[in-house]
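For reference, the structure is listed below as structure tokens.
The values are calculated or read from the model by the stated rules, or taken from the named source; none is laboratory data. Here the structure is a predicted model, which means the values were calculated and not measured. In this analysis, Cβ positions are derived from the backbone assuming ideal geometry, glycine residues included, and neighbour counts consider all displayed protein chains. Ligands, DNA and RNA are excluded from the accessible area calculation, which covers all protein heavy atoms including side chains. Shrake-Rupley method; radii C 1.70, N 1.55, O 1.52, S 1.80 Å.
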Amino acid sequence: MTLMDNLMNAASQMLGGKDGSQGSLTDMAMDLVKQHGGVGNLINQLQQGGLGDAISSWVSNQSGNMPVSGSQLQQALGSDTVNQLAQKFGVDANQASEMLAKILPNLVDHVTPNGSAQDADGFGLDDVASMLLKNFMK
């Protein structure tokens with residue numbers, strides 16, 4: 001097992017996954033980040049998908065995170081992306097999008113501590129795993 005696998009498993013366990021179980025919310029978010037090639041690219045996709053106001057609130061350090069619905073995420077990400085995640089994690093597309101709607105605001109918020117989306121550029125899986133271990137386990 002690589003260091004990256006160890007970090008991801010540890011983050012998953014601390015956030016409610018069992019021994020890095022495939023069905024955990026954390027694993028789903030990590031997979032989504034991986035599919036997009038990093039958090040910066042995921043943010044861009046969500047902005048282009050019509051969630052610009054929500055993304056601005058997640059990135060900003062001036063206000064709380066605006067919630068989004070699973071259906072808004074599904075529309076922004078595209079049904080193919082959500083369906084692939086749902087199939088991989090053994091849930092239906094609506095469940096997958098609702099699960100992601102719970103974690104993505106905090107994930108984006110934590111990877112943009114200075115209130116700039118540019119902070120997330122190049123923020124890959126190893127960075128996400130490290131951030132999860134440092135920030136979500138407080």
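For the residues 78, 49, the requirement of being at pLDDT 90 or above and within 18 Å of residue 117 (Cα to Cα) singles out 49. Going by what's in this entry, would residue 102 be described as part of a helix (DSSP H, G or I), among the charged types (D, E, K, R) and modelled with pLDDT of 75 or more? It is true that residue 102 is part of a helix (DSSP H, G or I), among the charged types (D, E, K, R) and modelled with pLDDT of 75 or more.
For residue 24, the requirement of being surrounded by 18 or more Cβ atoms within 10 Å (Cβ to Cβ) and either modelled with pLDDT of 90 or more or not aliphatic (A, V, I, L, M) (or both) is met.
Filter the range 50-77 for residues that are in a helix (DSSP H, G or I) and either open to solvent by less than 60 Å² (accessible area, probe 1.4 Å) or under 13 Å from residue 29 (Cβ atoms) (or both) and give the result.
First pass over the range 50-77, keeping only residues in a helix (DSSP H, G or I): 50-59, 70-77.
Hits for the range 50-77 are 51, 52, 54, 55, 57, 58, 59, 70, 73, 74, 76, 77.
Residues checked against (1) open to solvent by 70 Å² or more (accessible area, probe 1.4 Å); (2) in contact (Cβ under 8 Å) with a residue 40 or more places away in the chain:
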position: 79; (1), (2): no, no
position: 94; (1), (2): yes, no
position: 102; (1), (2): yes, yes
position: 114; (1), (2): yes, yes
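Scanning the range 81-92 for residues that are hydrophobic (A, V, I, L, M, F, W, C) and open to solvent by 20 Å² or more (accessible area, probe 1.4 Å) yields 89, 91.
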